[in-house]
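Each remark here refers to the structure printed beneath this line.
The values are calculated or read from the model by the stated rules, or taken from the named source; none is laboratory data. This structure is a prediction, so every number in the text was calculated from the model and none was measured. When we count neighbours, we look across all protein chains shown, and the Cβ atoms used for this are built from the backbone with ideal geometry, even at glycine. Each accessible area value is taken on the protein alone, full model and side chains, heavy atoms only, with ligands, DNA and RNA left out. Shrake-Rupley method; radii C 1.70, N 1.55, O 1.52, S 1.80 Å.
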Amino acid sequence: MNQTTNATTNLQLHHNFRWILCANHMEPVKGFLGRYLRRKLVSSEVSDNTLNNDLGKIIEWIPKVWQHLNKFIETHHSSDSTIGPRQFLDCPMDISSSQTWFTQLWNFSLVPYLKEAIKEGLQKYGQKSAWEDPTDWLIQTYPWCLDSADLIHLRAEDVGYDKHQTNCTSPLSAKQTSSCGKEGGKESGGRDVDPGDPLYNMILRLREASYSSTQTDSSNNVDPTSSAILDTV
């Protein structure tokens, strides 16, 4: 009897339970980080009775970094692997301390996660876009003294990007590329040819198909008496 009652209660709880999904690129999550850091800055300024414009620029920069990294992840993976705002909530309300905090966050948390996410994206979806190091954008918009920047770069070879691009070459493309290399990359008329040109590749296929068809027709139309004559000679 107790088991029946407990089972009924559990079913009722599950029936009345609902998940509310909040994506990182949609409100209310999208603007949460900016709102949280601005409130944190105002509280710090009120308690210290000061106004720090330089720290305000840093607080405005942090949400842009978050959005830029998520866009980078979506480009090479999917929106399901984007980063939530939680890791950026601990930004100190001090210029020097905030730089040290962000450097450690980038080098020891964000970069390792980005590497794993991009590797997984390459395995699932292949190469979706040209490679751009997100560290370059960070340095271009860096709100602290650039001379003291000590950020690890995320290179293409760190995630196997160049290797994956080489392994994704199809056998047909490799065969056409090698044949073009033997011909010096030129057509019979002497014009330079791009091995990846789809029109040129189609012409090569038609030429091979026509040659094979001609060989088949020639073998089928041979006079049987000619072989007998050759045998008697």
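Within region 16-34, being closer than 14 Å to LEU89 by Cα and exposed (fewer than 12 other Cβ atoms within 10 Å of the Cβ) holds for no residue. The sole residue among TYR125, TYR113 that is aromatic (Phe, Trp, Tyr), out of contact with any Asp or Glu (no Cβ under 9 Å at 6 or more places or on another chain) and farther than 26 Å from ARG38 by Cβ is TYR125.
Taken over region 126-145, the residue count meeting the criterion of being open to solvent by 60 Å² or more (accessible area, probe 1.4 Å) and either among the hydroxyl-bearing types (Ser, Thr, Tyr) or out of contact with any helix residue (DSSP H, G or I) (no Cβ under 9 Å at 6 or more places or on another chain) (or both) is 3.
Just one of the listed residues (LYS119, LYS128) is of a type in the set (Lys, Arg) and not in a loop (DSSP other than H, G, I, E, B), and it is LYS119. Within region 43-52, restricting attention to residues that are surrounded by fewer than 13 Cβ atoms within 10 Å (Cβ to Cβ) and outside any loop (DSSP other than H, G, I, E, B), the residue that is modelled with the lowest pLDDT is ASP48.
Within region 22-38, the only residue that satisfies the criterion of being at pLDDT below 95 and among the basic types (Lys, Arg) is LYS30. Reported count of residues in region 53-87, each being open to solvent by less than 40 Å² (accessible area, probe 1.4 Å), outside any loop (DSSP other than H, G, I, E, B) and under 20 Å from ASP136 (Cα atoms), is 12.
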